[in-house]
Number of protein chains: 4
Amino acid sequence: MTTTLPPAVAEAIRASFVRQTLMQNFGAQLTGLAPGHCEITAPILPTALQQHGHGHAGLTFALGDSAAGYAALGILPEGSEVMTVEMKINLLAPARGKALIATGKVIRAGRRLTVVQASVAALREDGSTVEIALLQGTMIPVPPA
Amino acid sequence: MTTTLPPAVAEAIRASFVRQTLMQNFGAQLTGLAPGHCEITAPILPTALQQHGHGHAGLTFALGDSAAGYAALGILPEGSEVMTVEMKINLLAPARGKALIATGKVIRAGRRLTVVQASVAALREDGSTVEIALLQGTMIPVPPA
Amino acid sequence: MTTTLPPAVAEAIRASFVRQTLMQNFGAQLTGLAPGHCEITAPILPTALQQHGHGHAGLTFALGDSAAGYAALGILPEGSEVMTVEMKINLLAPARGKALIATGKVIRAGRRLTVVQASVAALREDGSTVEIALLQGTMIPVPPA
Amino acid sequence: MTTTLPPAVAEAIRASFVRQTLMQNFGAQLTGLAPGHCEITAPILPTALQQHGHGHAGLTFALGDSAAGYAALGILPEGSEVMTVEMKINLLAPARGKALIATGKVIRAGRRLTVVQASVAALREDGSTVEIALLQGTMIPVPPA
């Protein structure tokens, strides 16, 4: 993974990501980090499906939410944490293919709240990419102890 | 599980739930079904956590979304399916305790769309129950083939 | 209007409501106040319609948002203010009839944020009442100066 | 206003906009139309304020919602209509300045539903522009009679 974040911030995000056992459960990996941006990539595992055999909305949501959260964390002072206040997801197409790629970005970093957006794309079997979900929400910074 | 749904509808929901491998991944169980209502209960497994060791927002969302979807499915003609159009979650408190209980209900069943709501509560270690999330969204019925 | 709020808090809300010129524009009135609850009633004026002659979604939203905000304000220390962080509305039925009645309530009052809900009902010409919208959102308290 | 829409579609949108009396109430004007895009500009009138003298969230919402709706309408067959299913708004900064400019766009046009986004910017007194709100929602096409 390439990143343009300060090494200490990138390292803190990586350490936080590893502690998210749900991300490991999903086989997710941090694949991009820049100030206000984060990309997470995951396969659509047989253990994360809904009733039609596509990825569950909970998988898509979890990847988008985490990407948005780390996008927000990347612009906060070292030692900060963030929590999701609220998040809205519109599902655009079924979650099927070889992998899901969630891209989070900061829309506005406020003193008390950070507004974020995430897009989730599916990498189809034929190599094409289709946007499958759009998320918009709010993160709350938890200052360093 | 007790249910007041017609047996064929309840059976179809149970069969659909079993096909949701993410629900099995989370150890989730259908614990209540009534017309326009659905309850899903799940432990907070060590494989579904966020970075502070609480349940991940993706876990909470997935349980709420599935409960809302099956609440909607329970009032549709036999053989129908539903898909999530969009869903919004407000997180109220950390997802910690012995179990999460998601309760979905139908707010308005329209001809083309069904508006749903779900609440997720955590059963704390001391036996108390705390509401940890509130979801509001839209399901789209997929008519029987 | 009857209210069970402390008189100073009720008075502050009434004064704030009067300063909301959009509420006057809509002919809206505060018709109920209790701790964590607020009701606003408004006619559907010829100056607040969408293209089919029903009340505009912006009217419905404004009434629900204001009711939710004053529900939140009613449980804060005297001299506080609130601002809307985010709000989501699901429209359930057309806004037509003699009046709209928006009911806001506090779902969870936190130290930093307050989660709110509002329902908007239409009083039809025949005297029946139909729920036309459901809102869920977040208010942020602004402490007394 | 310049537009790249087919003249009949642009004309239908203009005619629909004129029927939205709330837009006239707000002094709003259609200032841009292209396939899947719509821009609406409005002053912040003294009759559309909240309690601090800024534009009411209901004003910002109404402009964003209408811009999103007409963005969706511009790509539908002539004679169609659209209605808002649901809309979520995150407020980013106070609605103050000389005017608000709402820009709606289509994210995904489906057979049954259209997902839309809108951004609302304030033109400040000093000529700068600040994004004050971001909306994400769903429109439902109503086919020609």
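The values are calculated or read from the model by the stated rules, or taken from the named source; none is laboratory data. The model shown is predicted, which means the values in this text are computed figures rather than measured ones. A quick note on method: Cβ atoms are made from the backbone with ideal geometry, for glycine too, and the neighbour counts reach across all protein chains shown. Calculation scope for accessible area: heavy atoms of the full protein, side chains included, ligands and nucleic acids excluded. Shrake-Rupley method; radii C 1.70, N 1.55, O 1.52, S 1.80 Å.
Miscellaneous remarks
- Residue in the range D:65-77 that is in contact (Cβ under 8 Å) with a residue 40 or more places away in the chain, within 13 Å of D:Gln136 (Cα to Cα), open to solvent by 30 Å² or more (accessible area, probe 1.4 Å) and not in a loop (DSSP other than H, G, I, E, B) present: no
- Filtered residues of the range A:35-64 (kept if farther than 22 Å from A:Ala93 by Cα, open to solvent by 10 Å² or more (accessible area, probe 1.4 Å) and assigned to a loop (DSSP other than H, G, I, E, B)): A:Pro35
- Test: residue in the range B:72-79 that is modelled with pLDDT of 95 or more and charged (D, E, K, R): no
- Which numbered condition C:Val116 fails, given (1) touching a helix residue (DSSP H, G or I) at 6+ places or on another chain (Cβ under 6 Å); (2) over 28 Å from C:Leu49 (Cβ atoms): (2)
- If the condition is being touching a residue at least 60 places away in the same chain (Cβ under 8 Å) and not aliphatic (A, V, I, L, M), then the range D:40-54 contributes only D:Thr41.
- A:Glu86 meets the conditions (1) closer than 18 Å to B:Phe61 by Cβ; (2) open to solvent by 10 Å² or more (accessible area, probe 1.4 Å); (3) in contact with a Leu (Cβ under 9 Å, 6 or more places away or on another chain) in every case but one. The failed one is (2).
- Verdict on A:Ile89 being modelled with pLDDT of 95 or more and within 8 Å of another protein chain (Cβ to nearest Cβ): yes
- In the condition set (1) within 11 Å of another protein chain (Cβ to nearest Cβ); (2) in a strand (DSSP E or B), A:Thr103 is compliant with all but (1).
- For the range B:128-145, the candidate set comprises residues that are open to solvent by 30 Å² or more (accessible area, probe 1.4 Å) and modelled with pLDDT under 95; within that set, the residue that is farthest from A:Thr84 (Cα to Cα) is B:Ala145.
- Residues being more than 17 Å from the chain's Cα centre (by Cα) and within 8 Å of chain A (Cβ to nearest Cβ) - total across the range B:45-86: 7
- Residue in the range B:5-12 that is open to solvent by 10 Å² or more (accessible area, probe 1.4 Å) and under 12 Å from the mean Cα position of the chain (by Cα) present: no
- Residue within the range B:115-136 that is facing chain A (nearest Cβ under 10 Å) and not aliphatic (A, V, I, L, M) present: yes
- In the range D:25-34 there is at least one residue matching the filter, namely being in a helix (DSSP H, G or I), within 15 Å of the chain's Cα centre (by Cα) and modelled with pLDDT of 95 or more.
- Inter-residue pairs, beta-carbon under 7 Å, first within 12 Å of A:Thr103 (Cα to Cα) and in the range A:21-39, second assigned to a helix (DSSP H, G or I) and open to solvent by 40 Å² or more (accessible area, probe 1.4 Å), 6+ apart: A:Leu30/A:Arg14
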